[in-house]
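Any read-out appearing in this document is the output of simple, stated calculations on the displayed coordinates, not a laboratory observation. Because the structure is predicted, anything quoted here is derived from the model rather than measured. Neighbour counts run over all protein chains shown; Cβ positions are idealised from the backbone, glycine included.
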Amino acid sequence: MTPRRPRAVLFDLDGTLIDTAPEFVAIAHALREEAQLSPIPDSVIRHSVSNGALGMVQAALGLTHDDIRIEHWRDRFLALYDAGLGQHSAPYPGLERLVRLLAQKGIAWGVVTNKLERFAAPLMERMAFSPPADVLITPDHVVTPKPDPEAVLLACSRLACDPRHAIFIGDHVRDIEAGNAAGCHTVAAAYGYLAQGESAAEWQADDTVDSSEALATLIEERIQ
C-alpha cells in the first residue's frame, strides 16, 4: 500500500504522459498513400498505439504478423517516425503543471516505457518538461520489459525509492501488471490508447482515471 504522500511518481509514456497518437495517425495515412490504399479512420490507429510499431503497421495496412511485407513497412514506419519525432505530440493537459508541483514538493518523477531509448529520450527532450524527469527507463535498460516488473523496480532503485512508496501510472494492462508486481500503487489511465472495447476497470489497478486532469487531481490530493 502506498502512503498518502508518495516519494516517487512514475508514468508510462505514450498514451499516459504524452499524446503521441496524432504522430502515428499521420504516419499511417502516409503509409497507406504510399501503398495506394484509401484512407482509414484515425481511431483505427489510436486503438493500436499500445501494440507498438508492428501493431500499428498491421492496423494501418491490414497486414498479418507473418506477411512477408511487414518488415519493409515497419522499417518505413520507423523511418518516418524518426524524421518527424515529436512534431505532432504534446503532454496531456495538466501533466506539465503536475510535474512542476511534484518537484516543488520534493517528490521524484520519471518514465518507464516500452519505447526504445532512441525514440523516448529525444521525445522527452522535445517535450521540455520542467523540471525534466529524474529517471527514464526503456527496454534498452532491462532484460525483460513490461509487463515484467524489472523496469519499474529499476526506476525505483535509481530513485532510491522503495516501490511501496511509488505510484505507477499506465494506459495498458501490462503497465498495471508491472506496477502491481513491483509493489507500487497503480493507476490506470483510461484516457489513453485502449483497444476497441477494452475496459481499464478490469486491470486490477488501485485507481482508475478517465482524463489526465483527473489524474493530476488524484496525485495532487496524495501529495498535499
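Within the stretch 76-160, the trypsin sites (Lys or Arg not before Pro) that combine a DSSP coil assignment with at most 16 other C-beta atoms in a 10 angstrom radius are Lys105. Ranked by the mean number of other Cβ atoms within 10 Å of their residues, highest first, the peptides 206-216, 63-73 fall in the order 206-216, 63-73.
The mean of 1/r over all pairs of different alpha-carbon atoms in the chain, once inverted, gives a Kirkwood hydrodynamic radius of 17.7 Å. The orientation-averaged projected area of the convex hull spanned by the Cα atoms of the stretch 48-141 comes to 6.9 nm².
If you plug the beta carbon distance of Arg5 and His141 into 1/(1 + (r/R0)^6) with R0 = 41 Å, you get a FRET efficiency near 0.90. For the pair Leu154 and Gln36 in one chain, pulling the backbone fully straight at 0.36 nm per residue adds 38.0 nm over the alpha carbon distance.
With a Förster radius of 25 Å applied to the C-beta separation of Asp66 and Val44, the computed FRET efficiency comes to 0.75. Counting only alpha carbon atoms, the long axis of helix 70-83 and the longest principal axis of the chain meet at about 60°.
Rounded to the nearest 10 degrees, the angle from helix 173-182 to the longest Cα principal axis of the chain is 30 degrees.
With a cut-off of 15 Å between beta carbons, the residues surrounding Gly183 carry a summed charge of -3, where Lys and Arg count +1 and Asp and Glu -1. Quotient of the Cα radius of gyration of the stretch 21-83 and 2.2 N^0.38 Å, N being its number of residues: 0.96.
When each of the peptides 147-155, 177-185 is scored by how many other beta carbons lie within 10 Å of its residues on average, the order from highest to lowest is 177-185, 147-155.
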